[in-house]
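Just so it is clear, none of the values below were taken in a lab; they were calculated from the coordinates. Everything numeric in this text was worked out from a predicted model, so none of it was measured. Here Cβ is always computed from backbone atoms with ideal geometry, including for glycine, and neighbour counts include all displayed protein chains.
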Amino acid sequence: MLDELMINGYIHLFFLIFSRYLGMMFLTPVFGSRVILYQVKILIVLSLTVLTFPLVAANYTIVNPDSNLLVVVEIISEASIGLFMGFSVFLVFSAIQLAGQIIDMRMGFRIANVVDPFSGVDSPVIGQLKNIFVTLIFLALNGHLFLIKHLYQSFEIIPPGRVNFSSELWQYFFRRSADMFVLAVKIALPIAGAIFFIDIILAFLARSVPQMNLFVVGIPVKIMAGLILLFILMPVLNSYYAEVIMKAINEIPALFRLIAP
């Protein structure tokens, strides 16, 4: 009887660890990409769970759940930990892509959409370009490895099955969601602002030279100016992207403390 309870406890603990890593695969950049097959994602989660299980089982006592409903609640709660971690980094990627959409709207590229391979939805050209750059920077910074490291260290902060959803957690995400729009405007402002001044110049020309068809001339001028500015500012923007990404990754332990019991 005692052996059966121990086996059930180990199985329960294994699925709690599995669920925490599985939550990472939903919204986390790169891991949550639709390009990666679901079978590969499950294999990665299973491998991480097998490596983590002996270390977690040695540090925590095995507790058998009282009911099946409690098992379901604990599994969903564990999956939410990885989900929250991925969402906090996903907001940064969304802000950068939103900045690209703002630039596209000013340049005249808003009508030309391409399919984003990571999310599966339509994305403007510059937004997709920025998304590709920020993904490459994320991989170059070993951001995916840092996320796995932080999620493994989360077992020291949040014991399995003891998740606490405090009001501070929701305040944190409301604040981060608002910061996403501020970050998008900061990134888009240099290029969008320059194109805005070009629109002002074209408006003066339209009043001065009514015979000139500025609608035909203005769109190529704005596209050329936007691409030139994007090329010039790319090194500065890439450094800023790296700084913002590392800041979001370094805030993950503080996020876990908001969920800790």
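Length gain on complete extension for the stretch residue 205 to residue 165, per 0.36 nm per residue less the alpha carbon to alpha carbon distance?
On the way: separation 40, 0.36 × 40 = 14.40 nm, distance 5.85 nm.
Full-extension gain reported as 8.5 nm.
Sum up the charges of everything whose Cβ sits under 14 Å from the Cβ of residue 252, counting Lys and Arg as +1 and Asp and Glu as -1, but leave residue 252 out. Could you put the intermediate results ahead of the total?
Details: positive: 20, 149, 176, 247, 257; negative: 156, 251.
Value of the local net charge: +3.
Using a Gaussian network model of the chain whose springs link C-alpha atoms within less than 10 Å, name the residue from 242, 188, 178 with the highest mean-square fluctuation.
178
Of the candidates 207, 106, 162, which one comes out as most mobile in a Gaussian network treatment of the chain with C-alpha springs shorter than 10 Å?
In this elastic network of the chain, the residue with the biggest mean-square fluctuation among 207, 106, 162 is 207.
Rank the residues 45, 209, 89, 217 as a footprinting-exposure proxy: fewest other Cβ atoms within 10 Å of their Cβ go first. Please report the intermediate quantities before stating the final value.
On the way: 45 21, 209 10, 89 24, 217 13.
Least crowded to most crowded, the residues run 209, 217, 45, 89.
Give me 50, 163 sorted ascending by neighbouring Cβ count inside 10 Å, so fewest comes first.
Details: 50 12, 163 21.
Placing the least packed residue first, the sequence is 50, 163.
Fewest to most neighbouring Cβ within 10 Å: what's the order for 187, 249?
Working: 187 24, 249 21.
Listed from fewest to most nearby Cβ atoms, that is 249, 187.
Using Rg/Rh (Cα atoms, Kirkwood Rh) as the read-out, say which of (i) 0.92; (ii) 1.13; (iii) 0.99 was calculated from these coordinates.
(ii)
Rounded to the nearest 0.05, what FRET efficiency is calculated for residue 8 and residue 51 with R0 set to 25 Å and r the Cβ-Cβ distance? Working shown, then result.
Numbers: r = 22 Å, r/R0 = 0.89.
The pair residue 8/residue 51 has a calculated efficiency of 0.65.
Do the alpha carbons of any pairs in 149/186; 41/149; 186/247 sit beyond 19 Å of each other, and which pairs? Could you put the intermediate results ahead of the total?
On the way: 149/186 30 Å; 41/149 17 Å; 186/247 16 Å.
Violating the 19 Å limit, Cα to Cα: 149/186.
Give me the distance in nm between label points sitting 7 Å out from Cα along the Cα-to-Cβ direction at residue 238 and residue 136, one decimal.
That separation, rounded to one decimal, is 0.7 nm.
At 222 nm, what helix-only mean residue ellipticity would the chain give, in deg cm²/dmol to the nearest 500, using -39500 (n - 2.57) for each DSSP H run of four or more?
On the way: 8 runs with 206 residues, N = 261.
Calculated from helices alone, the mean residue ellipticity at 222 nm is -28000 deg cm²/dmol.
Which residue, 103, 200, 42, has the most motion in a Gaussian network model of the chain that connects Cα atoms within less than 10 Å?
Taking springs between Cα atoms under 10 Å, the residue moving most is 200.
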